[in-house]
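Novice: Have a look at this one.
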């Protein structure tokens with residue numbers, strides 16, 4: 001599903017920007033969660049999770065406006081973060 005979004009982002013600069021932002025937040029979120037295991041309720045982590053959810057919602061909203069059948073569940077940030085950070089077929093790395 002992310003591959004479809006990556007393909008669409010090649011011809012849509014705004015979508016590409018939102019996707020890049022979401023992937024960056026996903027990496028930060030997962031790193032913070034890993035480093036602060038057991039501290040998920042701390043203020044800094046809660047703020048980071050909310051910011052990540054906001055980015056996911058912006059991406060999903062844009063996709064809905066453009067008629068894309070793509071939705072990441074912002075209520076499940078862990079699953080969304082893992083989906084966004086998996087290596088994709090279109091990635092150079």
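Where a number appears in this text, it was derived from the coordinates with a stated rule and is not lab data. Note that the structure is predicted; figures quoted are calculated from it, not measured. Virtual Cβ from ideal backbone geometry, glycine too; neighbours counted across all protein chains shown.
Novice: Measuring from label point to label point, each 7 Å out along Cα→Cβ, what is the residue 34 to residue 20 span in nm?
Specialist: Output for this residue pair reads 2.3 nm.
Novice: Here's a follow-up. Counting other C-beta atoms within 10 Å, which of 68, 63 has the fewest, and how do the rest follow?
Specialist: So the residues, fewest neighbours to most, are 68, 63.
Novice: Using a 10 Å cut-off around each Cβ, can you sort 58, 10, 33 from fewest to most neighbouring Cβ atoms?
Specialist: Listed from fewest to most nearby Cβ atoms, that is 10, 58, 33.
Novice: I want to check the label-to-label distance for residue 85 and residue 61. Put each point 7 Å from Cα in the C-beta direction and report it in nm to one decimal.
Specialist: With each label placed 7 Å out from Cα toward Cβ, I get 2.5 nm.
Novice: Further question on the same structure: Taking the number of other C-beta atoms within 10 Å as the exposure measure, put 55, 46 in order starting with the fewest.
Specialist: If I rank by nearby Cβ atoms, fewest first, I get 46, 55.
Novice: What's the extension gain from residue 7 to residue 47 if we count 0.36 nm per residue and subtract their Cα-Cα distance?
Specialist: Computed gain between residue 7 and residue 47 is 11.3 nm.
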